[in-house]
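The values are calculated or read from the model by the stated rules, or taken from the named source; none is laboratory data. Just so it is clear, the model here is predicted, and its values are computed rather than measured. Every residue, glycine as well, gets a Cβ built from its backbone with ideal geometry; the counts of neighbours run over all protein chains shown.
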Amino acid sequence: MRGRQYAAHILKELELTLSQLDNVDMQAMAEQILQSEKIFVAGAGRSGLMGKAFTMRLMQMGLHAYTAGETVTPGIGPKDMLLLCSGSGETGSLLLMAKKAASVGARIGLVTIKPQSSIGQLAGVTVRIPASVKEDTASSRAAFTIQPMGSLFEQGLLLGLDTLVLLLMDKKGVSGSDMFSRHANLE
């Protein structure tokens, strides 16, 4: 395959993956976010980077959103939400965060491949991104992706979270120009 053929194949994989997003789950996640005073987002590795991009958009919508673990992140409380991005739903550090959030009465959301995972059991709302976990691609069990490791999940995560941004914008009546007014200006 050549570059454009790979790109076309990736787009087909993403189309298949994103066409399976559950509208009810997406709406429920949006409602949980809007009902929360503060939203904390976390993920590990590339999933964490996708989560940070989502946190930025939440902030630009005027929500009190934070990346968990940063030095300027406040504490979580019972009126808040922890949104975790984990393909496996078993990432140790994220599971510890979920348990801590649950212990203070915070809502927990999860975007994952495996809603039945350990973190999924703690989550009040889950959005499933139907992709292969990186362990499956390492062992050739991933029948529908040519991409390595968790690439399809991470791409689906970014686009799924961007879809969630659009749902939230509709629900809040926020426009792109409203968001631009909160864009960083010290760059």
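Look at (1) at pLDDT 95 or above; (2) buried (at least 18 other Cβ atoms within 10 Å of the Cβ) and you find that V104 fails only one, number (2).
Report, by residue number, each residue of region 147-172 that is at pLDDT below 90 and surrounded by 14 or more Cβ atoms within 10 Å (Cβ to Cβ).
Restricting attention to region 147-172, the residues satisfying the condition of being at pLDDT below 90 are 147-150.
Scanning region 147-172 gives Q147, M149, G150.
The set of residues in region 21-44 that are closer than 18 Å to S86 by Cα and outside any helix (DSSP H, G or I) comprises L21, D22, I39, F40, V41, A42, G43, A44.
For region 140-172, what are the residues that are assigned to a helix (DSSP H, G or I) and of a type in the set (A, V, I, L, M)?
The answer is L152, L157, L158, L159, L161, L164, V165, L166, L167, L168, M169.
Rundown of residues vs (1) over 30 Å from I146 (Cβ atoms); (2) among the aliphatic types (A, V, I, L, M); (3) crowded, with 17+ Cβ neighbours inside 10 Å, yes/no style:
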position: N23; (1), (2), (3): no, no, no
position: A30; (1), (2), (3): yes, yes, yes
position: F54; (1), (2), (3): no, no, yes
position: H64; (1), (2), (3): yes, no, no
position: C85; (1), (2), (3): no, no, yes
position: G120; (1), (2), (3): no, no, yes
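Contact map, region 84-113: first residue on the phi > 0 side of the Ramachandran plot, second residue in a strand (DSSP E or B) and of a type outside the set (G, A, S), Cβ cut-off under 7 Å, separation 6 or more or different chains; pairs are G89/L110; G89/T112.
Of all residues in region 1-39, how many are among the charged types (D, E, K, R) and more than 30 Å from K172 (Cα to Cα)?
The total comes to 4.
Residues of region 173-187 that are assigned to a helix (DSSP H, G or I) and surrounded by 15 or more Cβ atoms within 10 Å (Cβ to Cβ): M179 alone. Looking only at region 109-127, residues that are closer than 16 Å to M50 by Cβ and part of a loop (DSSP other than H, G, I, E, B) come to 1 in all. Of the residues making up region 4-12, one or more are in contact (Cβ under 8 Å) with a residue 24 or more places away in the chain, in a helix (DSSP H, G or I) and surrounded by 15 or more Cβ atoms within 10 Å (Cβ to Cβ).
Only residues that are assigned to a loop (DSSP other than H, G, I, E, B) and closer than 15 Å to L161 by Cα: list them for region 64-108, please. Spell out the reasoning first.
From region 64-108, those assigned to a loop (DSSP other than H, G, I, E, B) are 68-80, 86-91, 104-106; that's our starting set.
Result: S86, G87.
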